[in-house]
Amino acid sequence: MNKPLSHPLVSGHPPSWASGWGQDGYGIFVEIMVDEVRQRLRWIPPGRFTMGSPENEPGRLGNEGPQHEVIFASGFWIFDTPCTQALWQVVMGNNPSRFQSPDRPVEQVSFEDVQQFLQRIDKRVPGLTLSLPSEAQWEYACRAGSSTALYSGEIKILGKHNAPALDTIAWYGGNSGREFDLENGFDISNWLEKQYSDTRAGSRRVALKQANSWGLYDMLGNVWEWCQDSWHGSYVNAPADGSVWVNESAVSRVLRGGSWFNNARNERAACRISYGPSISRSYIGFRCAQVQW
């Protein structure tokens, strides 16, 4: 998929909520500042993609279909990394994470916790109006024009925690113990079929692995990311415009992307799971989108 020629900053000025903007080899970005903490957002261009996975994709789960076309009439902004502990701390005044360091993803945050964060950061940065991405927005941004299991290409799963193609782009159960630098690492000594034979693991600093072609880091691995959608067990009757899909009778919410804690099959662009909105774990975080231009 080619990026459109139209520039989202047609006036040459960032939106009112941005502290600055620029352009690099990945495309256009803007930045926000909350006190001393800076967060970059990348521009995701309008376009279309096929959501879900083909039936012959290695590791495929039954809830990843049927495949269907989604068309985005407008682009949107999205954090280039998961929300960091530094940003959470400055907005919320606490740090719930197990694996604490400012440049790691905030984790042990529930869907309900994130809704509180969104309200508070919007008050700190007038006009920002952040949200969680829809599930379709998340997958579109993750794929960045690709149609393979990973945004970097196909996946070959050699064992439960062993898919070498993930090593350059994702922290997952097969490599998240590599030179782990905190004392409270999770014991993974009994995990089977690991790519590396490490014994303790956890979340890792953001942006250490290769970004996708739109400049987004950790879209696969590190922490699962909440989406705004209610959980649906398939894509039957899914919206074709990429909007948030809400079912008032459904309690659970969607998470995407896999994590440091998970096996190889969970680290694919199409993989999706659900948790209740009050659940928090050391492998669950989020990233924000900005869809009002």
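The numbers here are math on the coordinates, done by the rules we state, and not lab data. Since the model is a prediction, treat every value here as computed from it, not as a measurement. No Cβ is skipped: glycine too gets one built from the backbone with ideal geometry, and neighbour counts run over all protein chains shown.
Restricting to DSSP loop positions (anything but H, G, I, E, B) with no more than 12 other Cβ atoms inside 10 Å of their own Cβ, which GluC sites (Glu not before Pro) remain in segment 59-141?
Passing sites in segment 59-141 do not exist.
What is the dipole size for segment 20-290, taken about its Cα centre, with +1 at each Lys and Arg Cβ and -1 at each Asp and Glu Cβ, in debye to the nearest 20?
The calculation lands at about 140 debye.
Which loop-located GluC sites (Glu not before Pro) does segment 169-255 contain, where loop means any DSSP state but H, G, I, E or B and the Cβ has at most 15 other Cβ atoms within 10 Å?
E179, E183, E193, E248
Counting other beta carbons within 10 Å of each residue's own, what order do S278, S230, S53 fall into, fewest first?
Ascending number of Cβ neighbours within 10 Å: S278, S230, S53.
Compute the length gained on full extension between T129 and Y26: take 0.36 nm times their separation in residues and subtract their Cα-Cα distance, giving the result in nm to one decimal.
Full-extension gain reported as 34.7 nm.
At 222 nm, what helix-only mean residue ellipticity would the chain give, in deg cm²/dmol to the nearest 500, using -39500 (n - 2.57) for each DSSP H run of four or more?
-3000 deg cm²/dmol
What's the center-to-center distance, using Cα atoms, between segment 86-123 and segment 148-172 in Å?
29 Å
Gain in length, H13 to E193, computed as 0.36 nm per residue apart minus the alpha-carbon separation, to one decimal in nm?
59.7 nm
Pairs of alpha-carbon atoms within less than 8 angstrom and 6+ residues apart define the contacts here; what relative contact order does the chain have, in percent?
24 percent.
If neighbour count is taken as other Cβ atoms inside 10 Å, put L41, L208 in order from fewest to most.
L208, L41
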